[in-house]
Structures are given as C-alpha cells and as structure tokens.
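Okay, structure first, notes after.
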Amino acid sequence: MNLLDYLPFDLPHPALLAAGMLEGTVLAAVLALTALGLSIVFGIMRVVNVAHGEFYMLGAVLAWFITHTVSGIIGGPPWLGFALALIIAPLIVAALAAATDWLVLKRLNYDPEATIVATIGILYIIQQLALTFYGPDARPVEAPFDFRVQLPWFGYSGYKLCVVGAAILLMLIVWLILARTKIGLIMRATQYDRETAQAFGIPVDKVYAGVFALGAGLAAIGAVLIVPIQQAHYLMGGDPLLLSFIVVILGGLGSLKGTLVAAIFIGLSDGIISTLYEPTLAKILATLLVAMVLVFRPQGLFGARAA
Amino acid sequence: MIRSVLLHGFVIAALIALEPLLSEYHHGNLARIMVLAVYATGYNILFGYTGLLSLGHAMFFAAGMYGCALMIRLAEWSVGPAFIVGVICALIAGIIVGFLALRTIGVGFMIVTLMFAEASYLTILYYNEYTRGDEGFTIAQSVRTIAGLDLSDTTTRYFSALTLFSICLIASAAVVQSKAGRVLVAIRENEDRVRMLGFDPFRYKLFALILSAVMAGSAGAAYAVLFGYAGASFAAVQYSIFPLLWVLLGGPGTTLGPLLGTVLMFYLVDYASGTIMPGLAAMVETQFGIEAPGLASAYLLLVGVALVLLVLFAPKGLLGTLRARMIPWLP
Amino acid sequence: MVAIAQLATEGLVKDFGGLRAVDVASFTLYDGEIRAVIGPNGAGKTTFVSLLCGRFPPTMGRITFEGRDITALPAHERVALGIAYTFQITSIFGNLSLYDNVALPAQRRVTLDGNGTVRTKAMAALDRVGLADKAQEIASNQSYGHQRLLEVAMGLALAPKVLILDEPTQGLADSEITEFIALIREVAEETTILLIEHNMPVVMALAQRITVLDQGQILAEGTPGEIRANAAVQTAYLGG
Amino acid sequence: MATDDTNRRNLLKGAAAIGAVAAGSQLLPGAARYAQAQSSAPIKIGFQVHRTGIGAAYGRWYDRTTKAAAKLINDEGGINGRPIEIVAEDDGTDPKRGAEVIEKFATKHECDVAFGTLFSHVVIGSAPRAGELKLPYFVVSEGHHVASGMLNRYTLQPGITDVKSQVQSMAPWVADNLGKKVTMIYPDFAFGHDHRDYFSEAIERRGGNVIAKIAIPPRETSFFKYLPKIPKETEVLYHVMVGPGVLTFVKEMGEYFGDKRPEIFGFIDSLEAVDITSPGLEFLEGSHFWEGYPRYAGKDQSAHDKFYREAVGVDDTGASLSDPKDVSTFAHMFGCWETLHILKAGMEAADYKGPKDRQALIEAVENMDVFPESRAHPQGSKLFNGRTHQAFGHQHISRVEGGKLVPVHKTSIFDTFYEDETDYTKMSF
C-alpha cells in the first residue's frame, strides 16, 4: 500500500517543483509590488480604486518611453535609462493620481459606491489615452542588467531574483514609513478614525490626496521593476488590478502584513499547483482555492474579525 | 402603484408600436439591446436594489448560453426545451454561488464572484472539445425555430426579445414593489438593522441572487438562440463589467434604469466608434497636423468621461436623479 | 400579582479576546415590568443586552424566553418571538422616508399575525411618537432627537413582548423627554420594557426595578429607592 | 487609349480625394459625397477591423494594407467602372460587437460586402448574422472554421490559407530536417488546439511523434513554470504563442535552456509586429519559423513583391518605411490585399451591379480555382476550393540568421491539401 497512490495528483519531477517554487516566489514578489499601493489606498481611505491597474500600466508605458528616449538620445548603458525611469515614471503617475483625487474623488467625499464608478471611468480614460499615444503594440523594456543563474536543472534569470529582493526592500521601506515616521503616524491616524484625525487638525483631504498618490506611485514603481520580465502594453492593467484586489482582500483589510502573506500564499499556491495539474486545470483550482478562503474566512487571513 | 403599472405598460406598448417604424438597422440593434437589458435588469435586482456588487455575473449569462446552446449542439434538442435547460443551469449556478458567496462580507463578495466567474471561464476553455472554447460555435439558422417561427427573421427575433424583456421587466417591477422588495431595499440601506427587525437577510439576499442569475441566464440563452453564436468571450470579465456600466448609467435601483442604460451605452459606443472618434481624429489631423491614429479607435475614452461626469453630477444614474429631483414615485 | 419570569439567563459569559465583557450569574426579567439597567461606561450594558437579543452568541451560559431555550436562536427569530431591540448608535434607513422605516417592522408584524395592514400599523407607530405628520420626509433629514424617536417607533411597530431600549433619550430635548416618559408608561401596559439609561431622572421616573452592572457583573438589583441608598453603587458611580 | 485611362484616372483621383474629405467631414450631416455626376455611386466594402482589443496590433496593419489595395484598385479604374469605398468599423476583437458591425454594414451603411476579420472567435460570432442578412463575408482569418463547414455559404476565405493546411505542410519538413520527437507548446484555446491536432496527425504520417503537449492558459504572463514539462529527449520544440506575452516566453526559453537546446520551430504569429532584433530575442538565433509570407525579401524577390511592399509602405525587412522599428504583421496582412483583388475579379466576372447580384458574386468566386502569382497575389500562386470556400497556397519556412529571417524552404501547394469536409455549393443561399 503506497501512500502516494492516494494523492489526487502524481508527484512532480523535482525540476518541475523547483521551477514552480521559483516562479511562485517571483509571482509573490510581483503580487506584493502591485498590491502594496492598493493595500495602502484601500486600507487607509477605505476606497476601492478600480483604476489601480491603469496606474500600474502607465508606470510601465512611461518606463518604455523614458528608456527608449534615453537610449535614443544619450545612448548610455541600459541601467541608466532604467534608473531614470524608476525615478521619473512613479513621480509622473503619482502627480496624475493626486490630480485625479483632487478633481474627482474629493468632490465625491470618498463615498465608496461613487468612487468605484469614478475609478472605472478613470480606468477607461487612462487606458484609451495610452492606446492613443502609445499605440496597440506590446513593446519590451530592457532590464538594467541581465545575467543567467545556472541551477542544477535549468538556468534562471538573475534579474527576476533581484525583483524578489526589490519587492522585499520596498515592503520594508513602506512599512518603516508607516510605522516609524511622522507621516506614517498621520496616515495611520486617518486610517483609524477620520473624524478624530480631523479633530486633531490633520488635513485629512491633503492626507488622502497624498495616500492616493503614494498608492499610484507604488504601483508605478512595481511596474517599472516588473516590465522588463513582461512587456508594456496598453491592456496590461487588467490582471494586476484583479490580482492586487485578491491579495489585499485575502490578506485582510488594511493589514500590510496580510498583504505580504496573501501575496506569498497566492504566488506559491499558483506556482505549486501548476506543477501538479495541467496548466488550465491548475489555474481553475488556484482560483477556486482563493475564493474558498474568502468564503470560509470572510475577513481574510489577518483582517479583524467583524465585531 | 397604479402609476407604476401604467408606466411599465406604456414602455412595453411603446416598444411594440416602435417595431414597424424602425429601420432594419435599429431593428437588429433593439432586439440585441432588449436581450442585454434583460441581463442588466437581472443584475440590477442584485446591485441596484439589494446593494450587492457582483463582478462575476458573466458566469450566469454564460451558464444560460451554454446550457441552451450545448443541448442544441450535442443533444440536438429543439430551441424551446433547450432554452429551459439553459435557464435551469443558471438557476443551479445561482444557488451554488449564492450559498458560497453570500457568506462573505463587504468587498469580499465582489472578489468571490469575480473568482467564480474566472473559474467558470477557464472551465469552458478546459472542456474545449464540447464548448469549442473561446472560438465558440454557431447554431445553424435552420435549427433556430420555435413553434414554427424562424427566430432569425428580423420581426420574429424582435418580438421574441421583446417578450422575454417584458416578462423580466414586469417580474422585476413586481418583486421590487412587493414586500420582499421592501426588505431588499432595506438590506441595501442597513443590513444589520434589517436583521434586528426580524428578517433573515441571508434568505432575501439568496432569493435576489438566484432571481438575478435566472434572468441573466435567460438573456444568455436568448442571445445564443436569437443570434446563433455561443462563445467563451461572454464568460470573460468584460461581460461582468458591462451590466454594471449599463445599470450605473441608467439608474441603479430603478426598474427602467437597466433598459435606458443599455440603449444609451450601445448607441454611445456605436456612434463614438463609427463617427465621433474618427471624425475627431481627422479634425485633429487637419487642424493641428498631429497624426493620431489611436484617437480614432479610442471610443472607450467617451465611456470613461461619461462615467466620471455621471458620478459627479448624476450619481444616482439618469433615472435615479430624475426620481430624486422630479418624479419621486418612479419605481 | 405573581411575577412570571419572561426572560432569564444563567451563567451568561461573553469574552472578547482576553477581555471578559459580561459575566452575569443570573438575571431574570419579569412579565410586564419596566426594568432599567444602569452602570458606568464600559460596564458591558450594551454587550449584555445584545446577548439577550441575539446580535452575537454568548461564550457560555443559557438564555430562556417564556420557558424556551433561545441561546442558539439567531437574532431574527428572537425578534419573531417578540424581543425587539433599538440601537444605541442610531441605526435607521437614512435614505428612506420615515414611513418606509416603520413600514418594514410593521410588515413583519402583519406577516406574523396574519392580519392587519402595513399602512395602519406603520402610521400608528409614527403617531405614538408624534412623527406621523413627517411620514414622507427622508429620515436622515430629521433632527437627532427625532431619529431617536424613529428608532423607538420601529420597535413599537413590531408590537414586541419585550422592548429593549438602548439609551433612547440621548440627544432628546427636555420637552421630548417628558413626552417619552409618558409614552413608555403607556407602552409598558402591554409590553415589558428593558431600559439602558444614563439619565437618572428618567430611570427613577420609569423603572420599577433597577439592575446595576459594573465590569460585566451585576453589582446590585432592586427598587429605585434601594439602589439610591446602596453604598456599593455610589462608589462604582463616583469612582471610590 | 492612354488619354481615356488618364481621364478616368484623374476623374477617379478626384472622386477618391473627395471621398477622403467627406470621410473627414462625416460630422457634417448630408455632406455632398460625390461631386462628379457622371461617376456612379461607389461599391461599398464594409471593413471589419480590430482597432482595439487583443487584435489591435494586427488591425493597424490590416487597415494600412486594405487602404493601399483600395487605392491601387481605384487607380486602375475601380470595379466595373465604379470606385470602391472602404467603410471601416472597429469590432474591438469581440464577437458581440463583430455581429453588430456586420448588421451595421448591411442595414445602415448598405455595403455590398463585408470583409477583413482576423480573429476566429470574431469570425464565428459574426458569420451567422452575415448569413441571415445575405451579406457576402470575405474573412482574412487563418482559422479552419470556414473550411470545416461550420459557417454558411455567404462566408468565404479566398485570400489566405487556413491553419490546417499550414500546419500539415510543416510536418514533413520538420520531421526530415529538425527531428522526429516533438514537444508542442500552444495556447489553451481553439487556435492552439488546431495546431496540436493537425500537427500531431501530420507528423505521425511522416514517422515522427509528439511526445508532450503543453497547453498554456490564456492571459498567462510568465511561462517558466511550464518549461520543465518539456521531456529531456525532445528533439524539436514546436511553439505557437499569440498575444503580448510572447516576448517573455522566448526570453524565458533562452534562460531555461541556455546554450544546449533542442531545435526550435515556431509560428511567426508569435512575433508578428515584433522586431526580431528586439532585446531578449537573441536566443532565437538558429531557430526556424513558419511564415505565411517571408518578412525579409529574399534575393530572388519578385517584381510583384517589390510593388506590393512599396504600395503598403513596407521595406525589404517587413518594417514600415517611416520607422524601421515598426514591424508589420507581414505574414497575415497580404490576405487583405489579395482578398480585395479576388473580390474585384469576382464582381467583374459576375458583372456585379448591386446587392441583388450578391449570389452571382459568390457563385462567380466559387467557380474560381487558380490565382497565379501576380500583382494581385504577391504572396504566390494559389488554388481555391470553391466547395470549401478555402484557398490553398505555398507555405514558407525561414531560419533566424544574424537577426534576420532567411527563407529556407517553400512548400508545394500539394503538401497543404486535405480532403473536403463540406460542400457549401450544395447549401441554399
């Protein structure tokens, strides 16, 4: 009687498992990077930002424009263009987000339902402007550095491993800002109770604009880091939006730790399940797994249990 | 109460009277709009009246579509019984998803319905040899007849779509103005209070979700039969967002909002992509000399702008604002 | 008249994480009485009352209503049995008219009794709290006091056997309070009243018996006179 | 005779110019469209183009090739003395919108024919409506759905070969030159399944076999976790990925295999509108690609190919003349050019005057059988099967050498034949 016969799948070849784990970790890093911004905006402002994916796409598209012009004009090494993109793109996206918050969301007084509608509108606007000026093609962005790590079974992109490192670094920085700095304190105060924060003289509207801009900026930073392992395309905002929502809600509202754990949970489960079953079947199971967690633990992994 | 019966009667009568006057182009459009308005009406019962925002209604639409189309394609059933099978599939899907998704709180419902819809989309792809996956399959014109009436004939199709729409409109108006409807609206406003007034919110939400799924399913089955095509694209996320847009434009929580929203959005997209945007692009080229080929195809830009303006100045949607400002008795 | 126990609890405990919010050995509410529950802020009054009407389940203990064990019964079924609760923090249907707010509980009553019309029961409830003339106005536009009265009207529309009022007079003007006292006395003829209240004059005017809660436990129980004279109560209140 | 031609040509140039202005001023309702009294109304061709959605990259080049072909046809006197007008509508690469656009062509724009759809789910979504509205529907897809008999007598695909004939003609060369043990990686939807099924059958007939079939879920953005499923003994890795994710796929294959890799055979669909020299594609050096129409003009470039490239504004590497980085969908867009010319031949053969001659037009096209290589058919000579409404032509294989796609093999048309699965001529109109 061999126990392994009773498993509902056959054990994967070690190379497959290794690839699944590696890709799972990278996906976890990608998810964390994309969801980080949403987690802050959603956690602090309790506002569902459906345009989050488009800010991500804008970051990637701007990264292409910047690296393309830099290599075109100055023609420096790839990392120069990339470094500039990593700084400039998020700033532009953050500024744009602050403007949208000021022009639209503030007027709606951040009413949850109205913000969903407004951000769907903003989604289409950003997407279609990208189509107009960037065009419909998918264009690659050169990674700042490209080296191949030779593992026992196969080679793996060094840059991807650095993306994992960058994700951890970024999460740490954001956590430090929130936990250790004055601005972080103000943000947490506004998150805890908006009225009392206002009573203490915190300019809540300015904080919201800042948080919304920070959220979009973080999405853009994530995009600039990730675009070299994917491409910049005007429709690329769709999936990151869905995945970030799943990560944020699965992790539990307003809990940075929850976002991190949920990103790891989804990344690894997607990676490992894909080694056990046929690809599409694996995607179905991974999707249902996430849904079931939310069904049987509504407040998410780390959210406060609803009183 | 009588006013609302008259109003709905008037709308249906107008649609009947309109039929002979319509050019063939608008004939075909209105037939499709009415089928999609059934989908939006179903969606509105859950979103507009009960306050539950689902991002996965395409799975019910697709359940109806495939339930019906596969019975015709694989079991060679005739249109009538196949349509009923389609509606039953949507009913079953509604019950299963209802029991699972309604355990969630707040935004969790949005994500869980999204996940179930994504899983059903992939399942349609997975069973490709039956469903032909994303490519989909056609239903032969010869088979698409019901009680001797050829459904591909323009007038028959118009009136079949109108019949289905009228049934769903009256059903939705009846439900939302009934006692149950009053509870659904109360759940939307303050679910905790409803529980403390002696109602079990779960049962009412489940009823709303199942009714909404059945209507969405009947629209899916009707689309397959009236337009002769079933494909996995109708189970994709885009087709879960469409009814949300139509209801938001028309007026969530109003019985006629879905129809109005579907009509307006259809013609907005149709004219924008056909005339407005290409004209704009040509004008930009002639006036400023900038080559902007992308602009000609960016008609969704208008949809985006429309939504932002809508939420800033008419948050309750067109009919919702009309009700708040002028006609308070509008159902 | 022999007091019939209507609502009773034994060993009722509720823990939130480490905190033991409620730890009541036994509590009995008699048919037809007006009982007040008082105690300093954070004494666990609202939690205790929420356990009675089923807003959340107790960690331990039993609750019986008219002899029947209702510990596991969900809130909406306890309401059907006749236990109505009005919220401490006003929780009404802000976007709907006053009429729609009371029409819902009235509708529940009509289905339970199987007779009467929603319109008459709803208007009657609004009339008793003096809001009948504002029936079509939107609830959120009303003054805070009137919204509190609407809460009471919604309770009344259920025609419950036990009406639990959680700080009903909060935000009412003095004139409205006197009217409120008269109303409760009238309602008490056919309904048992359980009143959580800080406003001592109202407590003393209405309550036939008072239960004092402190840190989740019953400190003392008795008539208003006994309670006023009780030393332990004074220290709890004055923070000895 | 020359003066006649020049007169007619100036006349038509005038008409075409006015047409362009009118198109620009569509906003002015009822603008006088056709100033010249003597030239009769144009033949309106409804062009169903993927301007938005996943097919947008193709759509842009389909649009450009169609405009070039229409200009050429008009410059040569139009069809039956009437100029052709392309009425373009975006279908957003969506089956519902596709059906709506077909209705718009038939009932609002009153087009004579509809033309130009590429993605198969849009073709299948729209074809039933074209059949019901009795609107001839000339698709430029690659799908086997036309020849499979699933559609109707109004739907034809004379200007481009279908995936079954393409894949089938690759198997002999792959088995003989690259290897017998093949692993296939394909998208997990109908297009990928056609490749899987037809290639497996064809390679088995040639003594090879497919040892692993890896189906990738749609919208997947990273493929690395599937690569270990490729068996070690694989001799040829067959890949056909469509959509933006393809650059990642190729880069990850490079990282996975490093320098010891099996032979790689792919379909150019993976890299349509993508510059072969873009960063990350160095790994493809030495690999082979099926090409419907070689992107790089070989040394024996035909005069027709040269003329076609100039007309469309594409250089000898298949990229736009104005921007060498803007690579065209060269292996597909020729279908538009050739289909429009077949339409012209069909209308002239049927002496097409108006919508009442639509059935005559279809019958005329059904009777055609040979399209010799010419200015109208720069991709090469073709045989048209009137019964299955499907064209058969030469397929090309190119090898990536020094960042260029060098044509190495051209199949005979005979290799691409398969027996009929339907006979539309027997169906009623």
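Only one residue of A:141, A:118, A:99 has its Cα farthest out toward the positive end of the dipole of segment A:95-165, where Lys and Arg carry +1 and Asp and Glu -1 on Cβ, and that residue is A:141. Across segment C:83-159, the mean sequence separation of Cα contacts (distance under 8 Å, 6 or more residues apart), normalised by length, yields a relative contact order of 47 percent. Charges were assigned to the Cβ only: +1 to each Lys and Arg, -1 to each Asp and Glu. The resulting dipole of the protein assembly as shown about its Cα centre is roughly 1740 debye. Selection among C:5, C:74, C:86 by position relative to the dipole of segment C:1-95 gives C:86 as farthest towards the positive end (Cβ unit charges, Cα centre).
Charges only on Cβ, +1 for Lys and Arg, -1 for Asp and Glu: so what's the dipole of chain B about the Cα centre, in debye to the nearest 20? Present the calculation step by step, with values, prior to reporting the outcome.
Working: 17 positive and 16 negative charges, 261 e Å.
Dipole about the Cα centre, nearest 20: 1260 debye.
Among B:193, B:144, B:32, the largest mean-square fluctuation in a Gaussian network model of chain B (Cα springs under 10 Å) belongs to B:193.
Note: relative contact order over segment A:33-237, using C-alpha pairs below 8 Å and six or more positions apart, is 45 percent. Screening chain D for whole DSSP H helices of 15 Å or more along their axis (Cα) with average Kyte-Doolittle hydropathy at least -0.5 returns D:2-24, D:120-132, D:163-177, D:246-257, D:330-349.
Based on C-alpha pairs under 8 angstrom that are at least 6 apart in sequence, segment C:125-240 has a relative contact order of 18 percent.
Largest GNM mean-square fluctuation across A:186, A:221, A:246, computed for chain A with C-alpha springs under 10 Å, falls on A:186.
The translational diffusion coefficient of chain B, from Stokes-Einstein at 10 °C and 1.306 mPa s with a Kirkwood hydrodynamic radius over alpha carbon pairs, comes to 77 µm²/s.
Fewest to most neighbouring Cβ within 10 Å: what's the order for D:233, D:421? Walk me through the intermediate numbers first.
Details: D:233 11, D:421 14.
Listed from fewest to most nearby Cβ atoms, that is D:233, D:421.
Projected label points at residue A:199 and residue C:231, each 7 Å from Cα along the beta carbon direction, are separated by 3.8 nanometres. Dipole magnitude for chain C: computed about the Cα centre from +1 point charges on Lys and Arg Cβ and -1 point charges on Asp and Glu Cβ, it is near 380 debye. Give me the aspartates and glutamates in straight-line cross-link reach of residue D:225: C-alpha distance below 13 Å, same-chain residues under 8 apart excluded. Cα-Cα hits under 13 Å: A:23, A:270, A:278, D:252, D:255. For the listed residue pairs D:356/D:426; D:180/D:260; D:71/D:353; D:306/D:382; D:180/D:229; D:229/D:410, the alpha carbons are over 22 angstrom apart in D:229/D:410. Here segment B:97-175 is treated as a Stokes sphere of Kirkwood radius computed over C-alpha pairs; at 20 °C and 1.002 mPa s its diffusion coefficient rounds to 131 µm²/s.
Look at the dipole of chain A built from charges on Cβ: of A:15, A:226, A:248, the Cα furthest out on the positive end belongs to A:248. Starting from the Cα of residue A:175, step 7 Å toward the Cβ, then list every residue of segment A:264-298 with an amide N under 16 Å from that point. Output list for this probe position: A:264-265. Listed by chain and number, the aspartates and glutamates placed with their C-alpha closer than 17 angstrom to that of residue C:45 are C:10, C:15, C:23, C:166, C:167, C:197, C:214, C:221; residues fewer than eight positions away on the same chain are left out. Peptide C:44-55 is shielded by partner chain Cβ atoms: per residue, an average of 1 of them sit within 10 Å of its Cβ. Panel order for D:220, C:66, by other beta carbons found within 10 Å of each beta carbon, from fewest to most: C:66, D:220. With neighbours defined as other Cβ atoms within 10 Å of a residue's Cβ, the residues C:53, A:162 order from fewest to most as A:162, C:53. Bridgeable aspartates and glutamates around residue D:134 (alpha carbons under 14 Å apart, same-chain partners fewer than 8 residues away excluded): B:24, B:153, D:103, D:110, D:112, D:357, D:363. Who wins for biggest fluctuation among A:55, A:145, A:212 in a Gaussian network model of chain A, springs between alpha carbons below 10 Å? Among A:55, A:145, A:212, the largest GNM mean-square fluctuation belongs to A:145. Backbone amide hydrogens, once placed in the peptide plane, bring residue C:6 within less than 5 Å of C:29, C:30, C:31, excluding anything fewer than 5 places away on its chain. Measuring r between the beta carbons of residue C:56 and residue C:89 and using R0 = 25 Å, the FRET efficiency lands at 0.95.
So in the protein assembly as shown, what percent of DSSP beta bridges are antiparallel if you round to the nearest 5?
Details: 51 of 102 bridges.
DSSP beta bridges in the protein assembly as shown are roughly 50 percent antiparallel.
Counting, for every residue in C:90-101, the Cβ atoms of other protein chains within 10 Å of its Cβ and taking the mean gives 3. Using θ = phi - 60° in the Karplus curve 6.51 cos²θ - 1.76 cosθ + 1.60, the 3J(HN,Hα) couplings for segment B:96-107 round to 4, 4, x, 4, 7, 5, 6, 7, 7, 10, x, 5 Hz; x is entered for Gly and Pro.
The lysine pair count for chain A, using Cα distances under 27 Å and pairs eight or more places apart or on different chains, is 8. Phi angles across segment A:184-201 convert, under the Karplus curve 6.51 cos²θ - 1.76 cosθ + 1.60 with θ = phi - 60°, into 3J(HN,Hα) values of x, 4, 4, 5, 5, 5, 5, 5, 5, 7, 5, 5, 4, 4, 4, 4, 8, x Hz, Gly and Pro given as x.
Every number here is computed from the coordinates shown, using simple stated rules; none is lab data. As the structure is a computational prediction, the values presented were derived from the model and not from experiment. Note that each Cβ is placed from the backbone with ideal geometry, even for glycine, and that neighbours are counted across all protein chains shown.
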